[in-house]
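The values are calculated or read from the model by the stated rules, or taken from the named source; none is laboratory data. Just so you know, these numbers come straight off a predicted model, no measurement behind them. As a convention, Cβ positions derive from the backbone with ideal geometry for all residues, glycine included, and neighbour counts pool all protein chains shown.
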Amino acid sequence: MDQPVTLDFDRSVLPLPGVRSLPLHDWEERIRYGCTLRDLNALGVELHRQAFGYPRLSFLGSGDFHHVSYLLIKRLESLGPIQVIVFDNHPDNMRYPWGIHCGSWVHHLCRLPFVSRVAVIGITSNDIQSRHLFENYLRPLYAGKLTYFCFSAPPRLADFIGLSAIKSSSSDADTLLRLMEDLLGSDRNPVYLSIDKDVLSPDSIQTNWDQGCLEEKSLLAAIATLKPFLIASDITGEISTYAYRSFWKRLLTRLDGQSTDAPRSDLKEQQRRQQQLNQQIVALLIS
């Protein structure tokens with residue numbers, strides 16, 4: 001696999017040693033939060049033009065760009081069956097009828113035949129609680145293609161409708177490492193790892209979305225366990241601000257409870273804190 005790369009949509013990923021940067025600022029409005037599949041495929045053409053290659057590690061910027069992971073994984077089809085492990089505070093398997101967005105890309109991922117299994121680890125958000133459960137695509141959960149591992153109590157409704165693919169797990173390092181071992185033991189295919197840092201406690205870093213409870217040391221320990229089995233990986237969850245030109249995107253993001261247009265006096269400080277964690281991840285994965 002090729003040198004690590006930053007897809008620089010939002011200028012949120014500060015420079016990292018050994019990581020090259022592709023300028024994609026002109027794509028931010030078009031791709032951020034959500035886009036059509038046609039636009040995502042057009043981004044793939046642009047990545048090819050910029051000699052993106054097949055990097056071992058890709059930084060995507062804010063979690064608003066997590067659906068770009070689908071594009072990166074889809075490009076690996078010729079390498080044979082793979083499994084995908086996602087660390088995220090959200091299931092990213094929500095219903096979205098206008099293409100693909102950062103909260104629906106896992107649904108599209110589950111439709112790829114060469115992806116043997118998808119595990120989303122770290123959910124504490126309300127996206128699966130009570131009636132919100134029915135806003136998820138349930139078919140991949142019933143089919144066993146997708147499993148949620150929650151760091152909060154799974155919804156009682158899941159038991160009532162027979163959804164055994166929604167499981168509870170502790171976020172402590174020992175339990176997390178046992179979960180990694182179980183996943184690696186039950187599926188021998190190589191792993192694509194996708195991390196949204198909103199899975200981390202807000203005491204660790206700040207992101208653009210509501211956050212979970214995972215500690216940094218536990219995440220780093222899990223990455224170290226997975227490293228020998230990784231085919232590639234990506235990281236989202238940086239912090240950035242952006243004012244959408246599109247009324248539609250402004251409306252949708254506010255309905256999602258997110259606001260990224262307000263200036264933050266501590267933005268640079270928070271991005272430097274993110275940079276420190278990114279440096280640790282690069283050292284761990286690329287050494």
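Annotation note: of PHE65, PHE114, PHE134, the sole residue that is without any contact (Cβ under 8 Å) to a residue 40 or more places away in the chain, of a type in the set (Phe, Trp, Tyr), out of contact with any Leu (no Cβ under 7 Å at 6 or more places or on another chain) and over 30 Å from GLU181 (Cβ atoms) is PHE134. Test SER78 against the criterion of being surrounded by fewer than 20 Cβ atoms within 10 Å (Cβ to Cβ), outside any strand (DSSP E or B) and hydroxyl-bearing (Ser, Thr, Tyr), and give yes or no. When the stated conditions are applied, SER78 passes them.
Candidates in region 149-178 are the residues that are of a type in the set (Ser, Thr, Tyr) and in contact (Cβ under 8 Å) with a residue 12 or more places away in the chain; of these, the one that is surrounded by the most Cβ atoms within 10 Å (Cβ to Cβ) is SER171.
Considering each of ILE195, ILE239 in turn, give the residue that is modelled with pLDDT of 95 or more and more than 20 Å from SER116 (Cα to Cα). Write out each step before concluding.
On the way: ILE195 fails: more than 20 Å from SER116 (Cα to Cα).
Within the list ILE195, ILE239, the selection yields ILE239.
Filtered by the rule that a residue be modelled with pLDDT of 90 or more, closer than 16 Å to ASP10 by Cα and within 20 Å of the chain's Cα centre (by Cα), region 250-277 gives GLN270, GLN271, GLN274, GLN275.
Condition check ((1) surrounded by 15 or more Cβ atoms within 10 Å (Cβ to Cβ); (2) of a type in the set (D, E, K, R); (3) at pLDDT 95 or above; (4) in contact with a strand residue (DSSP E or B) (Cβ under 7 Å, 6 or more places away or on another chain)) across all residues:
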| residue | (1), (2), (3), (4) |
| --- | --- |
| GLU181 | no, yes, yes, no |
| VAL199 | yes, no, yes, yes |
| ASN208 | yes, no, no, yes |
| SER233 | yes, no, yes, yes |
| PHE247 | no, no, no, no |
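Within region 79-93, the set of residues being within 19 Å of ASN208 (Cα to Cα) and either without any contact (Cβ under 8 Å) to a residue 40 or more places away in the chain or not aliphatic (A, V, I, L, M) (or both) comprises PHE87, ASP88, ASN89, HIS90, PRO91, ASP92, ASN93.
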